[in-house]
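Novice: Supplied in structure tokens, the structure appears directly below.
The values are calculated or read from the model by the stated rules, or taken from the named source; none is laboratory data. Keep in mind the model is a prediction, meaning the values are calculated, not measured. All Cβ positions, even for glycine, are placed from backbone atoms using ideal geometry, and neighbour counts span all protein chains on display.
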């Protein structure tokens, strides 16, 4: 079975991002590929790096996107569905407006994919999949697989992308995280994160955490664990982290 994963980005968004310093690799699809069992053969197209081949011979297409690229993603889906190729969609936009997304896909995922993705693929193979998959339980990040490094395609200055946590306990009214993750913070075991961090050959790593300062004691333990690897990293954190001198010192020392 052949699976094409697409990180969709509209022409307008691509033009904007070309002029920006902060245009990091996206981790979603390489991570989803790591959750995909054999015998599925997975390819990934990141539109920030390459064009979609609309004539690709595949059995299933998966698309993720942010809201500014929604209509563009729907056009991609339409092109494949016209050829009789089923399309599955997921991600923040689909989770927040599933009724809209469902009009443009054969299958949609609401919320997180761990556990459900494997179930869906099995049901797809057997011809008994449903239209909507929505997790009832909040998945643990313990023993989460490492994203497939060979599916990162952007030629930027970063050498690795990783997550140590997901979600944020804050309830900022401007942020979608509280709606998506219900203010629940999940963390990977520090040893697992440090091992993946060390596995990247390059020196510049991006933590795609929603808020790396959400649990500062956890973050301090993580910073201590990655310090010996002598890499440079970047992430995003809420402003209260600036009031914690130990957090700042350990973060700076770790990279």
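Novice: Against the definition (modelled with pLDDT of 95 or more, over 18 Å from residue 116 (Cβ atoms) and assigned to a loop (DSSP other than H, G, I, E, B)), how does residue 48 come out, yes or no?
Specialist: Criteria not met by residue 48.
Novice: State all residues of segment 27-60 that are touching a strand residue (DSSP E or B) at 6+ places or on another chain (Cβ under 8 Å), surrounded by fewer than 16 Cβ atoms within 10 Å (Cβ to Cβ) and either without any contact (Cβ under 8 Å) to a residue 12 or more places away in the chain or under 25 Å from residue 100 (Cα atoms) (or both); if no residue qualifies, say none.
Specialist: Once the filter is applied, which keeps residues that are touching a strand residue (DSSP E or B) at 6+ places or on another chain (Cβ under 8 Å), surrounded by fewer than 16 Cβ atoms within 10 Å (Cβ to Cβ) and either without any contact (Cβ under 8 Å) to a residue 12 or more places away in the chain or under 25 Å from residue 100 (Cα atoms) (or both), segment 27-60 yields 51, 53, 59.
Novice: For segment 90-100, check the following and say yes or no: at least one residue is in contact (Cβ under 8 Å) with a residue 24 or more places away in the chain, touching a helix residue (DSSP H, G or I) at 6+ places or on another chain (Cβ under 7 Å) and assigned to a strand (DSSP E or B).
Specialist: no
Novice: State the number of residues belonging to segment 135-160 that are within 25 Å of residue 234 (Cβ to Cβ), part of a loop (DSSP other than H, G, I, E, B) and at pLDDT below 90.
Specialist: Residues flagged as within 25 Å of residue 234 (Cβ to Cβ), part of a loop (DSSP other than H, G, I, E, B) and at pLDDT below 90 within segment 135-160 amount to 8.
Novice: Okay, next question. Can you go through 170, 183, 211 and tell me which one is under 28 Å from residue 93 (Cβ atoms), buried (at least 20 other Cβ atoms within 10 Å of the Cβ) and within 21 Å of the chain's Cα centre (by Cα)?
Specialist: Being under 28 Å from residue 93 (Cβ atoms), buried (at least 20 other Cβ atoms within 10 Å of the Cβ) and within 21 Å of the chain's Cα centre (by Cα) holds for just one of 170, 183, 211, which is 211.
Novice: Let me ask something additional. Kindly list the number of the only condition in (1) in a loop (DSSP other than H, G, I, E, B); (2) more than 18 Å from the chain's Cα centre (by Cα) that fails for residue 26.
Specialist: Unmet condition: (2).
Novice: Also: Being touching a helix residue (DSSP H, G or I) at 6+ places or on another chain (Cβ under 6 Å) and either at pLDDT 90 or above or outside the structural domain of residue 113 (by TED's automatic domain parsing) (or both): is that true of residue 177 here?
Specialist: no
Novice: Another one. Residue under question is residue 109, and the condition is that it be under 16 Å from the mean Cα position of the chain (by Cα), surrounded by 14 or more Cβ atoms within 10 Å (Cβ to Cβ) and modelled with pLDDT of 95 or more; does it hold?
Specialist: Yes: the conditions hold for residue 109.
Novice: When only residues in segment 61-71 that are within 19 Å of the chain's Cα centre (by Cα) and not in a loop (DSSP other than H, G, I, E, B) count, which is farthest from residue 96 (Cα to Cα)?
Specialist: 61
Novice: Does segment 23-34 include one or more residues that are farther than 28 Å from residue 143 by Cβ and not assigned by TED's automatic domain parsing to the domain that holds residue 236?
Specialist: Checked segment 23-34: at least one residue is farther than 28 Å from residue 143 by Cβ and not assigned by TED's automatic domain parsing to the domain that holds residue 236.
Novice: Give me the pairs: first residue in segment 232-251 and touching a residue at least 40 places away in the same chain (Cβ under 8 Å), second residue in a loop (DSSP other than H, G, I, E, B), beta-carbon distance under 7 Å, and six or more apart or on different chains, which are they?
Specialist: That search, which allows pairs on different chains as well, returns 238/170; 238/211; 238/213.
Novice: Quick one: residue 169 ticks every box in (1) without any contact (Cβ under 8 Å) to a residue 24 or more places away in the chain; (2) outside any helix (DSSP H, G or I); (3) out of contact with any helix residue (DSSP H, G or I) (no Cβ under 7 Å at 6 or more places or on another chain) except a single one, so which number is it?
Specialist: (1)
Novice: Could you look through segment 76-99, keep only residues that are closer than 17 Å to residue 124 by Cβ and buried (at least 17 other Cβ atoms within 10 Å of the Cβ), and pick out the one that is nearest to the chain's Cα centre (by Cα)?
Specialist: Result: 90.
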